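The values are calculated or read from the model by the stated rules, or taken from the named source; none is laboratory data. Only a predicted model underlies this, so the values are computations on that prediction, with no experimental measurement involved. Here Cβ is always computed from backbone atoms with ideal geometry, including for glycine, and neighbour counts include all displayed protein chains. Ligands, DNA and RNA are excluded from the accessible area calculation, which covers all protein heavy atoms including side chains. Shrake-Rupley method; radii C 1.70, N 1.55, O 1.52, S 1.80 Å.
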Amino acid sequence: QVQLAESGGGLVQAGDSLRLSCAASGGTFSNYGMGWFRQAPGKEREFVAAINYSGRTTYYASFVKGRFTISRDNAKNTVDLLLNSLKPEDTAVYYCAAASYYGGELSTKYGYWGQGTQVTVSS
């Protein structure tokens, strides 16, 4: 059983950066692929980025367009999402999730989810 806890969200202005972090506990972190998803008010949850168990493979949603970077530290049991050049449309609750080895963009492959961290971008 893996527990996930996100941190790092906040209120920023358009063009700013944020680093979200997700700390994992209760399992062998290096066995899990990790993903970040987001959900804006009134919208469905959507995929943002994924990284495989080793960190060698990453995958991003098309809207990211080089602005976000996912990374992991298996020694610290953490996965980060660096958000650059933030836009108001990036406003959402951001969730990290864990899947067996690699989950990709399908939320159904992720069996463990954090509680989320709010990111608000003002114009």
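Taking Ser17, is it of a type in the set (Gly, Ala, Ser) and without any contact (Cβ under 8 Å) to a residue 60 or more places away in the chain? In short, no. If you check Thr58 against the conditions, is it modelled with pLDDT of 95 or more, open to solvent by 20 Å² or more (accessible area, probe 1.4 Å), farther than 12 Å from Arg19 by Cα and out of contact with any helix residue (DSSP H, G or I) (no Cβ under 9 Å at 6 or more places or on another chain)? Yes; evaluated as a whole, the condition is true for this residue. Taking into account only those residues within segment 63-115 that are under 18 Å from Arg45 (Cα atoms) and among the basic types (Lys, Arg), which is most open to solvent (accessible area, probe 1.4 Å)? Here the answer is Lys109. Among the residues here, Arg45 does not qualify as under 12 Å from Ala97 (Cβ atoms), within 11 Å of the chain's Cα centre (by Cα), modelled with pLDDT of 95 or more and basic (Lys, Arg). Going by the structure shown, is Arg72 among the charged types (D, E, K, R) and part of a strand (DSSP E or B)? Here the answer is yes, as Arg72 does meet what is asked. Residues of segment 1-56 that are closer than 15 Å to Arg72 by Cβ, basic (Lys, Arg) and part of a loop (DSSP other than H, G, I, E, B): Arg56 alone. Among the residues of segment 2-47, the ones that are charged (D, E, K, R), surrounded by 13 or more Cβ atoms within 10 Å (Cβ to Cβ) and closer than 18 Å to Leu106 by Cβ come to 3 in all. Within segment 61-89, can you find the residues that are among the basic types (Lys, Arg) and at pLDDT 95 or above? Passing the criteria: Arg67, Arg72, Lys76, Lys87.
The residue pairs whose first member lies in segment 34-61 and is farther than 11 Å from Val93 by Cβ and polar (S, T, N, Q), whose second member is modelled with pLDDT of 95 or more and part of a strand (DSSP E or B), and whose beta carbons are closer than 6 Å, counting only pairs six or more residues apart or on different chains, are Asn52/Gly33; Thr58/Ile51; Thr58/Ile70.
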